[in-house]
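First up is the structure itself, then whatever we jot down about it.
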Amino acid sequence: MMRLSGQSGADAPVRARPPGRAFVPVCLILAFAAFARAQTSGLAPVVSKPVSRTIDLPGELLPFLTVSLHAKVPGYVERVLVDRGSMVRQGDFLVELSAPELKAQIAEAESQVQAAESDRRQAEAQLAALQSTFERLKKAAETPGAVAGNELILAEKQVAATQELVRSRRQAAAAAQSVVEARKELEAYLTITAPFDGVVTDRFVHPGALAGPGADTPLLVVQQVAHLRLVVPVPEEDVGGVAAGASVPFRVPAYPERKYSGTVARIAHALDPKTRTMAVELDVFNRDGSLAPGMYPAVAWPVRSSHPALFVPRTSVVTTTERTFVVRNHDGRAQWVDVKKGAADGDLIEVIGNLHPGDMVVRRATDEVREGAAIPH
């Protein structure tokens with residue numbers, strides 16, 4: 001204890017302080033030690049699991065069936081029974097054509113059938129008479145000397161020639177009948193019907209127009225919209241995860257609040273050389289009619305890796321200006337392992353590097369955890 005000279009005895013004693021230079025370094029050391037323990041106190045395992053994520057891909061809706069209807073025979077449009085937007089069933093009448101010259105051809109062919117049938121019947125009657133004469137001569141020839149042998153041979157030859165004539169007339173009658181049937185089949189094409197259930201999306205003709213097989217413009221366009229094709233161009237790097245039968249969700253701008261889905265049905269198995277994508281078709285059933293061909297949906301395409309990936313907590317990955325790494329626990333010491341980031345999955349993130357499933361890494365790592373530093377358990 002010391003007293004200051006010139007002070008009264010009542011003055012309080014003053015205790016001598018130790019030098020301050022020893023106090024500050026101790027505090028800093030304790031603070032850094034606590035910080036290091038806080039950074040390395042938690043370890044997390046490297047987890048191996050399949051990669052399952054989605055990417056947004058554009059798609060296009062197409063009709064499952066579409067057909068442009070043309071006239072098979074030339075004729076004038078008599079009636080158009082449907083218009084754009086008309087719902088049709090398979091077999092419904094759509095367009096009626098008229099072709100007067102075709103009706104005249106059918107009448108001419110039918111008259112030729114009647115003439116051929118008349119010739120056939122006449123030949124058959126002639127054959128019956130000759131056969132009767134030949135049978136009588138043959139029976140009379142059983143009596144020696146009653147009929148000359150040459151007369152019997154001549155009658156037999158006449159029967160054979162008439163039989164050939166009958167066959168020829170029968171063939172001619174059949175050919176004439178075939179012509180009639182062919183003309184009537186062409187006449188049936190004057191009535192155009194719907195080939196399947198669908199909707200008329202385009203109409204190009206009106207009554208009085210001349211139609212025929214040589215016209216480039218179709219009469220109508222019919223599309224099946226209750227069943228649609230969703231075509232998605234899948235990038236080359238993601239085609240390995242395409243699975244037939246998988247259900248894929250998508251949305252359309254017209255109804256952003258609704259979520260639709262389609263089933264993977266057809267895979268092209270070939271890449272487009274220009275876009276390096278593979279066309280994949282999904283079957284979409286448009287039961288309420290809210291979807292339409294030509295829409296461009298946003299498809300949430302699932303990406304599945306063919307092999308498991310490694311995941312660590314997001315906070316385990318340290319990114320500096322020089323490198324990206326995690327701090328692995330190697331025999332109780334910190335080891336920096338360079339990695340590349342992959343897809344995020346909740347609180348985890350995919351990493352690609354020299355890691356193995358089960359490795360322990362610092363859960364909340366920073367570059368303050370120096371390589372080789374002790375990692376407490």
### Query
Only one of (1) in contact with a strand residue (DSSP E or B) (Cβ under 8 Å, 6 or more places away or on another chain); (2) in a loop (DSSP other than H, G, I, E, B) fails for HIS227. Which number is that?
(2)
### Task
Among what's in region 35-86 and is among the hydrophobic types (A, V, I, L, M, F, W, C), under 26 Å from the mean Cα position of the chain (by Cα) and modelled with pLDDT under 90, pick the residue that is nearest to GLY358 (Cα to Cα).
VAL51
### Output for region 303-350, where each listed residue is of a type in the set (Phe, Trp, Tyr) and either surrounded by fewer than 16 Cβ atoms within 10 Å (Cβ to Cβ) or under 30 Å from VAL232 (Cβ atoms) (or both)
PHE311
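This table checks each residue for (1) loosely packed, with under 12 Cβ neighbours inside 10 Å; (2) free of Cβ contacts under 8 Å to residues at least 24 places away in the same chain.
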{"position": "ASP119", "(1), (2)": "no, no"}
{"position": "SER132", "(1), (2)": "yes, yes"}
{"position": "GLU135", "(1), (2)": "no, yes"}
{"position": "LEU154", "(1), (2)": "no, yes"}
{"position": "THR162", "(1), (2)": "no, no"}
{"position": "GLN171", "(1), (2)": "no, yes"}
{"position": "THR191", "(1), (2)": "no, no"}
{"position": "GLY198", "(1), (2)": "no, no"}
{"position": "HIS206", "(1), (2)": "yes, no"}
### Query
For region 329-377, what are the residues that are within 11 Å of VAL318 (Cβ to Cβ) and touching a Gly at 6+ places or on another chain (Cβ under 9 Å)?
VAL337, ASP338, VAL339, VAL362, ARG364
### Query
Which of (1) in a helix (DSSP H, G or I); (2) at pLDDT 95 or above; (3) not charged (D, E, K, R) is the odd one out, the single condition VAL239 does not satisfy?
(2)
### Task
Having 1 or more residues that are within 19 Å of ALA44 (Cα to Cα) is the bar; report the strands (runs of 3 or more DSSP E) wholly within region 258-377 that clear it.
309-313, 324-330, 333-345, 348-353, 360-362
### Task
Any chance you could count how many residues in region 278-302 are out of contact with any Phe, Trp or Tyr (no Cβ under 9 Å at 6 or more places or on another chain), modelled with pLDDT under 95 and surrounded by fewer than 18 Cβ atoms within 10 Å (Cβ to Cβ)?
3
### Breaking point among (1) part of a strand (DSSP E or B); (2) in contact with a strand residue (DSSP E or B) (Cβ under 8 Å, 6 or more places away or on another chain); (3) more than 18 Å from VAL303 (Cβ to Cβ), for PRO207
(1)
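The values are calculated or read from the model by the stated rules, or taken from the named source; none is laboratory data. Here the structure is a predicted model, which means the values were calculated and not measured. Backbone-built Cβ (ideal geometry, glycine too); neighbour counts: all protein chains shown.
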